[in-house]
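Undergrad: Attaching a single structure in C-alpha cells format; questions to follow.
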Amino acid sequence: MRAQLKAFWQARAPLERQVIVALAVVVAAALYLWLLQSASQARLNLSRSVTALREQAGRLDRDAAELQRLRAQPAAAASATDLRGLVAAQAGAAGLSHALLHIEAAGADQVQVAFGAVAFADWLKWVASLQALHVRLDSCRIEAMSTPGLVSVTATLIRSGRQ
C-alpha cells in the first residue's frame, strides 16, 4: 500500500503535487475551523445549560429548606369546634369567599358548604389544600353553570382523623 502511494506520488507532475498539497492544506484548515466552531457552539450551549441547572438547584434547595421548616413546625391542634372556622378561613385564603353561599356545621367533624359560581379549577385546588389539613371531601354535587369553567357546588367535608 505504501509503495502504491509512493508510486502514485512520483507519477504526478510537480505542479499537480503542489495543487494536491494546497488542497490538502485547505481541507485540513477548513476541517479545523469547523471543529473549532462546533466546539465553541457546544461550549456556549453547555454554559447556558449549566446556568439554568444552577438556578433549578437553587430553587430546589430553597424548596427543601421550606419543606423542612414546615415539617419542623408543630401540627396545629384541631379542636372539635373549629372545623367550620378552618373551612371558612381556607375559603377566604383561596379567594373563594365571594362564591361561598353558606357554611354550616353538621357536627364536630362535619361541615356542609355551598358555593355559587366558582371556577372549577379553583375549587379543586381548595379541596386539595383542605386535604393537606386532614379535611376530606365526603360527598359533593357539582353542577355546570352556563359560563364555561364555572360550577355550583354543594359539598360535605369531614375531618379525616376522627371518624
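Undergrad: When you go through (1) closer than 27 Å to Ala132 by Cβ; (2) modelled with pLDDT under 95; (3) open to solvent by 90 Å² or more (accessible area, probe 1.4 Å) one by one for Leu5, which number turns out not to apply?
TA: Answer for Leu5: the failing condition is (1).
Yes/no per residue for (1) more than 30 Å from the chain's Cα centre (by Cα); (2) at pLDDT 90 or above; (3) open to solvent by 70 Å² or more (accessible area, probe 1.4 Å):
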{"position": "Glu55", "(1), (2), (3)": "no, yes, yes"}
{"position": "Ala65", "(1), (2), (3)": "no, yes, no"}
{"position": "Gln73", "(1), (2), (3)": "no, no, yes"}
{"position": "Val111", "(1), (2), (3)": "yes, yes, no"}
{"position": "Ala117", "(1), (2), (3)": "no, yes, no"}
{"position": "Ala121", "(1), (2), (3)": "no, yes, no"}
{"position": "Lys125", "(1), (2), (3)": "no, yes, yes"}
{"position": "Ala128", "(1), (2), (3)": "no, yes, no"}
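Undergrad: Scan region 121-146 residue by residue and report those that are more than 18 Å from Val111 (Cβ to Cβ), part of a loop (DSSP other than H, G, I, E, B) and touching a strand residue (DSSP E or B) at 6+ places or on another chain (Cβ under 7 Å).
TA: Listed by number, the list holds a single entry, Met145.
Undergrad: Let me ask something else about it. Please go through region 94-109 and give me each residue that is over 29 Å from the mean Cα position of the chain (by Cα), of a type outside the set (Asp, Glu) and open to solvent by 30 Å² or more (accessible area, probe 1.4 Å), ordered by number.
TA: His98, Leu100, Leu101, His102, Ala105, Ala106, Gly107, Ala108
The values are calculated or read from the model by the stated rules, or taken from the named source; none is laboratory data. Since the structure is predicted, the reported quantities are computational estimates derived from the model, not experimental observations. Please note: Cβ atoms are built from the backbone with ideal geometry, for glycine as well, and neighbour counts cover all protein chains shown. Remember, those area values only see protein heavy atoms, side chains included, never the ligands or the DNA or RNA. Shrake-Rupley method; radii C 1.70, N 1.55, O 1.52, S 1.80 Å.
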